[in-house]
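Worksheet for the structure shown next.
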Amino acid sequence: MDNWQNRWARNKYWVMARSQHLYDEGRFLAKNNNWSPDKEATFNKILRTAEALQPTQKTLANTYQHIWGYFKRTCTPEEKRTYLALLKELTPKNDQLGFFLQQMAEKYRVGYLLNSRLLKECFNRSDPI
């Protein structure tokens, strides 16, 4: 069970991109670093429920804004312009922003994000989420 923090870190943005409510449930489970078999079962249920959901423009934008926080102080002016333009154009069917943020995570070597399920799936897919 000591691996739950890694599982949460890997999945949290993926969950957030599908449901803020499910993300909040997961965050509540992780609170106080006190994991249990019951919490493990609840977390697995959150992941299964999220699998059945598709991201919306609102959930993707919110999630990507959270991810952008890792870069907003170190990015170039051009990268910021690109981010804002892609955010403006973002829809679940036109999601170039996930690819851009994955490239930013690589450029700035943000290991936490590079291990994120959401960005890994964006990078490994030929079509948007």
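All other residues whose Cβ lies under 12 angstrom from that of LEU114 are scored, Lys and Arg at +1 and Asp and Glu at -1, for a net of +4.
Just to confirm, what accessible area per residue do you get for the chain at 1.4 Å probe, in whole Å²?
59 Å²
When the GluC sites (Glu not before Pro) in the stretch 39-129 are filtered for DSSP coil states and for at most 12 other beta-carbon atoms within 10 Å of their beta-carbon, no site remains. If R0 is taken as 30 Å, the Cβ-Cβ distance between ALA41 and LYS72 corresponds to a FRET efficiency of 0.20.
So how tilted is helix 4-16 from the main axis of the chain? Cα-based, degrees 0 to 90, rounded to 10. On a 0 to 90 degree scale, this one is about 50.
On a 31 Å Cα-Cα criterion, which of the cross-link pairs LYS39/LYS72; LYS72/LYS120; LYS31/LYS88; LYS39/LYS93; LYS12/LYS72; LYS45/LYS107 come out too long? Over 31 Å apart, Cα to Cα: LYS39/LYS72; LYS31/LYS88; LYS39/LYS93; LYS45/LYS107.
Taking the accessible area of the chain, probe 1.4 Å, and keeping the other protein chains in place, the carbon and sulfur fraction comes to 50%. Distance between the modelled labels on ASN94 and PHE28, one decimal in nanometres: 3.7 nm (7 Å Cα→Cβ projection).
Can you check what the net charge comes to around ASN44, using other residues whose Cβ is under 13 Å from the Cβ of ASN44 (Lys, Arg +1; Asp, Glu -1)? Summing Lys and Arg as +1 and Asp and Glu as -1 gives 0. Going through [x] 14.9, 47; [y] 15.9, 56; [z] 14.1, 45, the figure that equals Rg and Dmax of the Cα atoms in Å as computed for the structure here is [x].
The values are calculated or read from the model by the stated rules, or taken from the named source; none is laboratory data. As the structure is a computational prediction, the values presented were derived from the model and not from experiment. For neighbour counting, all protein chains shown are included, and Cβ atoms are generated from backbone atoms with ideal geometry for every residue, glycine included. Please note that ligands, DNA and RNA were not included when accessible areas were found on the heavy atoms of the full protein model with its side chains. Shrake-Rupley method; radii C 1.70, N 1.55, O 1.52, S 1.80 Å.
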